[in-house]
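Asker: Here it is, the structure in full.
The values are calculated or read from the model by the stated rules, or taken from the named source; none is laboratory data. Just so you know, these numbers come straight off a predicted model, no measurement behind them. Here the Cβ is made from the backbone with ideal geometry for all residues, glycine too, and neighbour counts use every protein chain on show. Protein only, heavy atoms only, side chains kept; ligands, DNA and RNA dropped before computing areas. Shrake-Rupley method; radii C 1.70, N 1.55, O 1.52, S 1.80 Å.
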Amino acid sequence: MSERKVAIITGVTGQDGSYLSELLLEKGYEVHGLVRRTSQQNLGRSLINHLMDHERFHLINGDLTDQSSIDNAVQEIQPDEFYNLGAQSFVPESWRSPTMTADVTGLGTLRCLEAIKRVKPDCRFYQAGSSEQFGEVREILQTEMTPFYPRSPYGVAKVFAYEITRNYRESYGLFACTGILFNHESPRRGLEFVTRKVTMTVARIGHGLDECLWIGNVLAKRDWGYAGDYVEMQWRMLQEETPQDFVIATGRTHSVKEMINLSFERIGMSLEWSGEGVDTIATDNNGVVRVRTNPKFFRPAEVDLLIGDFSLAAEKLGWEPKTTFEQLVQMMVDSDMKIVEEALANGLTPPVPPA
């Protein structure tokens, strides 16, 4: 029997971290999730709560803004693989907190690489990149060779993380690579993200709790995939003989408006749209306004169209997305309908997306 592999995951309490933990545990790994000490008290209802009793799943204190804590974690665990999924990853928040975003999302990656270089240089490192690195795109289909033009502090921080990962690979010979992930969603997505805001609000409307969804730019287009599909690609990248960066995407693009339409259709409502820009509204068959745009939800600098070309991943790693956009939206709406229904049945207040 081969020796069991050991992995560290930052951002383990998030969407990708929870799916990746499940995948690695299924493959026989020992998994250590890095969490800030202040996060410990919030784990009771977290996305990894169901893993807490697993004999090969452990939590260790660490903070991406503290070099010594990352060093200590790598020293103690001696990981074979290190997945850096931790970040301040909410783009609108990066405009409100640009310095914190740069520290956590950008410099946090450097601290991980430094810890590996100093303590465990044979550890394989995966960096979670983002399509926001491309920003105002230089070409319609974005590949591994497309120049970056980030349009938010978050995108800028991710470009730094990408470049420093490449630099440490080329300068120190580390097995370090970046997966440039396009938007990937799931029922585990945070309520602050537009996709989950849509599906949870639609679920609340379906149960008569809300009347209207307030939203930003409904014409913005994204390449949306399913997070459960994407974490497999993250793992595959670290099983290669040599490190290489890959775009992870679906190759298809959809607008926020399309997602809203599909979500309402799932609960039996069809919408009629009118107006444009900040004056866009959508009404149901009875003339009730169900969607309305709000200027405060528009970005200072919008990224209008992102669509990724995953052909290199398909060629080199045999990977392709399994879940369609329509299946993803239905999955998320059904999950949120169930969450609201169960909360009401138990006399609890259903979740409310941030205003």
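Asker: Can you give the FRET efficiency for L219 and Q244, using 1/(1 + (r/R0)^6), R0 = 25 Å, r = Cβ-Cβ distance, to the nearest 0.05?
Answerer: Using R0 = 25 Å, I get an efficiency of 0.10.
Asker: Relative to the compact globular guide of 2.2 N^0.38 Å, what is the alpha carbon radius of gyration of region 127-186, as a ratio?
Answerer: 1.14
Asker: Right, something else. Based on the mean of other beta carbon atoms within 10 Å per residue, what is the order of 49-57, 192-200, most packed first?
Answerer: The densest-packed peptide leads the list: 192-200, 49-57.
Asker: Continuing with the same structure: Using the reciprocal of the averaged 1/r over all distinct C-alpha pairs, how large is the Kirkwood radius of region 1-159 in Å?
Answerer: On the way: mean 1/r = 0.0608 Å⁻¹.
About 16.4 Å, per the Kirkwood formula over Cα pairs.
Asker: If you don't mind, there's one more thing I want to ask. Given only helices, namely DSSP H runs of n ≥ 4 each adding -39500 (n - 2.57), what is the per-residue ellipticity at 222 nm of the chain, to the nearest 500 deg cm²/dmol? Show your work: numbers first, answer last.
Answerer: Details: 11 runs with 128 residues, N = 355.
Calculated from helices alone, the mean residue ellipticity at 222 nm is -11000 deg cm²/dmol.
Asker: Could you tell me how many degrees, from 0 to 90 and to the nearest 10, lie between the Cα long axis of helix 227-237 and the main elongation axis, the longest principal axis, of the Cα atoms of the chain?
Answerer: Between helix and principal axis, roughly 20 degrees.
Asker: For region 197-262, place one equal point scatterer on every Cα, skip the solvent, and apply the Debye formula. What is log10 of I(q)/I(0) at q = 0.19 Å⁻¹?
Answerer: Per q value, in the given order, log10 I(q)/I(0) is -0.84.
Asker: In debye to the nearest 20, how big a dipole does region 4-112 give about its Cα centre with +1 on each Lys and Arg Cβ and -1 on each Asp and Glu Cβ?
Answerer: 160 debye
Asker: Next question, about the same structure. Determine the gain in length on full extension of the stretch V352-S68; use 0.36 nm per residue of separation and subtract their C-alpha separation, reporting nm with one decimal.
Answerer: Net length gain for the segment: 98.5 nm.
Asker: Among V247, L191, I70, whose Cα projects farthest towards the positive end of the dipole of the chain, with charges put on the beta-carbon of Lys, Arg (+1) and Asp, Glu (-1)?
Answerer: Checking the options against the dipole of the chain, the answer is I70.
Asker: A further question on this structure: For region 81-184, what Kirkwood radius comes out of the mean inverse Cα-Cα distance, in Å?
Answerer: One decimal place: 13.8 Å for the Kirkwood radius.
Asker: Provide the three semi-axes, in whole Å and in decreasing order, of the ellipsoid equivalent to region 164-302 as defined by the square roots of 5 times the Cα gyration tensor eigenvalues.
Answerer: 38, 16, 12
Asker: Mind computing the radius of gyration and Dmax over the alpha-carbon atoms of the chain? Å is fine for both.
Answerer: For the chain, the Cα radius of gyration and maximum Cα-Cα distance read 20.5, 66 Å.
Asker: Ok, one more. Can you tell me the orientation of helix 15-26 relative to the chain, as the angle in degrees between its alpha-carbon axis and the longest Cα principal axis, to the nearest 10?
Answerer: Long axis of 15-26 versus the principal axis of the chain: about 50 degrees.
Asker: Same structure, new question: Would you pull out the residues with amide H under 5 Å of T250's amide H, same chain only if 5 or more places away, H placed 1.01 Å from N?
Answerer: Close amide H contacts, sequence-distant or interchain: G308.
Asker: Which percent of the accessible area of the chain is formed by carbon and sulfur heavy atoms (probe 1.4 angstrom)?
Answerer: Whole-percent figure for carbon plus sulfur exposure: 47.
Asker: With +1 on each Lys and Arg Cβ and -1 on each Asp and Glu Cβ, how big is the dipole of the chain about its Cα centre, in debye rounded to the nearest 20?
Answerer: Values: 36 positive and 49 negative charges, 112 e Å.
It comes to approximately 540 debye.
Asker: For the chain, give me the percentage of DSSP beta bridges that are antiparallel, rounded to the nearest 5 percent.
Answerer: The antiparallel proportion sits near 20 percent.
Asker: Just to confirm my numbers, what's the Cα centroid distance between region 181-212 and region 126-168 in Å?
Answerer: Spelled out, the Cα-based centre of one part sits 26 Å from the other.
Asker: May I pose another question? Nearest 20 debye, what's the magnitude of the dipole of region 209-328 about its Cα centre given +1 on Lys and Arg Cβ and -1 on Asp and Glu Cβ?
Answerer: Dipole magnitude for region 209-328 comes out near 240 debye.
Asker: Kirkwood hydrodynamic radius (Cα pairs, Å) of region 184-225? Working shown, then result.
Answerer: Working: mean 1/r = 0.0891 Å⁻¹.
About 11.2 Å for region 184-225.
Asker: Moving on. Would you mind classifying region 145-233 by shape? Square roots of the alpha carbon gyration tensor eigenvalues, ordered a ≥ b ≥ c; an a/c under 1.5 is rounded, otherwise it is prolate if a/b is larger than b/c and oblate if not.
Answerer: prolate
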